[in-house]
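The values are calculated or read from the model by the stated rules, or taken from the named source; none is laboratory data. Because the structure is a prediction, the values reported are computed rather than measured. Cβ sites come from the backbone with ideal geometry, for glycine too, and all protein chains shown count toward neighbours.
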Amino acid sequence: MPSDLSAYTTLRVGGPARLLIDQYESLVDTMREVWESGEPWLVLGGGSNVVIGDEGFDGSVVRITDAGFEARDNGDGTVRVRASAGHSWDALVAETVSRGWAGIEGLSGIPGTCGAAPIQNIGAYGQELASVLVSVEFLDYLTGDLVTLSAAELELSYRHSALKGGRLGVVLSIDLALTATADGLSEPIAYDQLAGALGVALGARVPLADVRASVLQLRASKGMVLDPTDPDTASAGSFFTNPIVGENFARTLPEAAPRWLMEPEPADRVVPLGEEPAPPAERSDFRVKLSAAWLIERAGIRRGFSLPGSKAAISSKHTLAITNTGGATATEISELARYVQTRVFSEFGVRLQPEPVFIGLEL
Ligand SMILES: Cc1cc2nc3c(=O)[nH]c(=O)nc-3n(C[C@H](O)[C@H](O)[C@H](O)COP(=O)(O)OP(=O)(O)OC[C@H]3O[C@@H](n4cnc5c(N)ncnc54)[C@H](O)[C@@H]3O)c2cc1C
């Protein structure tokens, strides 16, 4: 087996691993053995959310491969699904959609494994893992214990979790609570573009299979479904998260800048009887999500852009993805990412944060 990690990442960068191990029978045994060796260690699922440096990883890299899932119909309109860490996320979505279970249909087409899904609380098209994740089975690196972590303990937030934040260990399986629909209809559509593609109003429920088909089509048009024949998909998906800023700062941006109000909701939307609406000063800590793609485009960076002589380029379909056009190094990928950050910062004063996990290099 080649030890060059570029073969195992969707961005196709990453130097050699000292030891590359395909998980053997039990992931628990594999991890315990690796941890006992005292070597630096890293786990990889589909390699679709990592940027690994050109020097590679001077330690053991375990590729998680265990597939499979089981489901229990609770008979009350809910289904509990447990999927192994190495199971393909999109295969799980396809299966749940075909069985008429709602809750993750909008997350169709996201590459990678089920075990990695909680790491950044995957999300797209108005759904995110947090709304269906019950718990994970977790092998804790510090204690060596096998524990169940509830969704609350994982502190899931926008493209983040306690695991991405540094809690060390390995997710062995994930437990989801889905809705067993009698009518095969989706959760209410909560994303404008998806509603438009389906030709329905926001909040409508439509056949699960239609949601999946529409999401896959929208994603493919942006190079966001892995496809060996589409060079734009040699990426890590969205390279930057949408920045979250204070409401006052958001007001300083051009009027055309897309923005979405986040929690907490404005106090004057629901005011209990007999209470005064919150004064404007108290509203200054409302948080607003901006569109990273809009900021990048308005900073003058176009689709297909690359630095002179570099094999890293902005996707020809979407400014938020950085692609490897063939033989790019991790250094070239991060140079382009830094350039994008600098342009956006000097234009708008917003520092874009990378979404993938960086290993052996920094941005
Ligand atoms: C074309 C494309 C489109 C994408 N679209 C989206 C999208 O719409 N929404 C979205 O949220 N993401 C998206 N992504 C990012 C990515 O697919 C997800 O983050 C996915 O969950 C990563 O899974 P993976 O198995 O590839 O993880 P990897 O890249 O292998 O690992 C990511 C991180 O998780 C850790 N990890 C992996 N498995 C485990 C485990 N079992 N236990 C503990 N740690 C683990 C790794 O060590 C690493 O730090 C996209 C990526 C690509 C390439």
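Considering each residue of the range 137-171, count those that are of a type in the set (A, V, I, L, M, F, W, C) and closer than 17 Å to Asn49 by Cβ, and give that number.
6
So which pairs qualify, if the first residue must be in the range 342-353 and touching a residue at least 12 places away in the same chain (Cβ under 8 Å) and surrounded by fewer than 19 Cβ atoms within 10 Å (Cβ to Cβ), the second must be in a helix (DSSP H, G or I) and of a type in the set (S, T, N, Q), the Cβ gap must be under 8 Å, and the two must be at least 6 apart or on different chains?
Arg351/Gln341
Residue by residue, here is whether (1) among the aliphatic types (A, V, I, L, M); (2) in contact (Cβ under 8 Å) with a residue 40 or more places away in the chain holds:
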residue	(1), (2)
Ser157	no, no
Ser161	no, yes
Lys164	no, yes
Ile174	yes, yes
Leu185	yes, yes
Ala195	yes, no
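Closer than 19 Å to Gly47 by Cα and more than 9 Å from the ligand (Cβ to nearest atom) - does that describe any residue in the range 178-199?
Checked the range 178-199: no residue is closer than 19 Å to Gly47 by Cα and more than 9 Å from the ligand (Cβ to nearest atom).
Any residue that is over 25 Å from Glu362 (Cα atoms), outside the structural domain of Gly169 (by TED's automatic domain parsing) and surrounded by fewer than 21 Cβ atoms within 10 Å (Cβ to Cβ) - is there at least one of those in the range 37-48? Lay out the reasoning, then the answer.
So in the range 37-48, the residues over 25 Å from Glu362 (Cα atoms) come out as 37.
Then drop every residue that is not outside the structural domain of Gly169 (by TED's automatic domain parsing), which leaves 37.
Next cut, surrounded by fewer than 21 Cβ atoms within 10 Å (Cβ to Cβ) only: 37.
Checking the range 37-48: at least one residue is over 25 Å from Glu362 (Cα atoms), outside the structural domain of Gly169 (by TED's automatic domain parsing) and surrounded by fewer than 21 Cβ atoms within 10 Å (Cβ to Cβ).
Taking the stated definitions as given, is Pro207 modelled with pLDDT of 95 or more and buried (at least 16 other Cβ atoms within 10 Å of the Cβ)?
Criteria met by Pro207.
Restricting to the range 187-202, count the residues that are surrounded by 13 or more Cβ atoms within 10 Å (Cβ to Cβ), under 22 Å from the mean Cα position of the chain (by Cα) and more than 10 Å from Ser214 (Cβ to Cβ).
Residues in the range 187-202 being surrounded by 13 or more Cβ atoms within 10 Å (Cβ to Cβ), under 22 Å from the mean Cα position of the chain (by Cα) and more than 10 Å from Ser214 (Cβ to Cβ): 4 in total.
Name the residues in the range 1-31 that are of a type in the set (A, V, I, L, M, F, W, C) and more than 15 Å from the ligand (Cβ to nearest atom), would you?
Answer for the range 1-31, where residues must be of a type in the set (A, V, I, L, M, F, W, C) and more than 15 Å from the ligand (Cβ to nearest atom): Met1, Leu19.
Give the range 326-363 a look and list any residue that's among the charged types (D, E, K, R) and more than 22 Å from Ala116 (Cα to Cα), or say none.
The answer is Glu332, Glu335, Arg338, Arg343, Glu347, Arg351.
Scan the range 180-195 and tell me whether some residue there is more than 26 Å from Ile244 (Cα to Cα) and in a strand (DSSP E or B).
Taking every residue of the range 180-195 in turn, at least one turns out to be more than 26 Å from Ile244 (Cα to Cα) and in a strand (DSSP E or B).
Filter the range 16-29 down to the residues that are in contact (Cβ under 8 Å) with a residue 60 or more places away in the chain and part of a loop (DSSP other than H, G, I, E, B) and list them by number.
Gln23
Starting from the range 102-129, keep only residues that are among the hydroxyl-bearing types (Ser, Thr, Tyr), then list their pairs with residues that are in a loop (DSSP other than H, G, I, E, B) and near the ligand (Cβ under 6 Å from one of its atoms) whose Cβ atoms are within a distance under 7 Å, requiring at least 6 positions of separation or different chains.
Thr113/Gly45; Thr113/Gly46; Thr113/Ile64; Thr113/Ala85
Out of the residues in the range 210-257 that are in a helix (DSSP H, G or I) and within 17 Å of the chain's Cα centre (by Cα), state the one that is surrounded by the most Cβ atoms within 10 Å (Cβ to Cβ).
Val215
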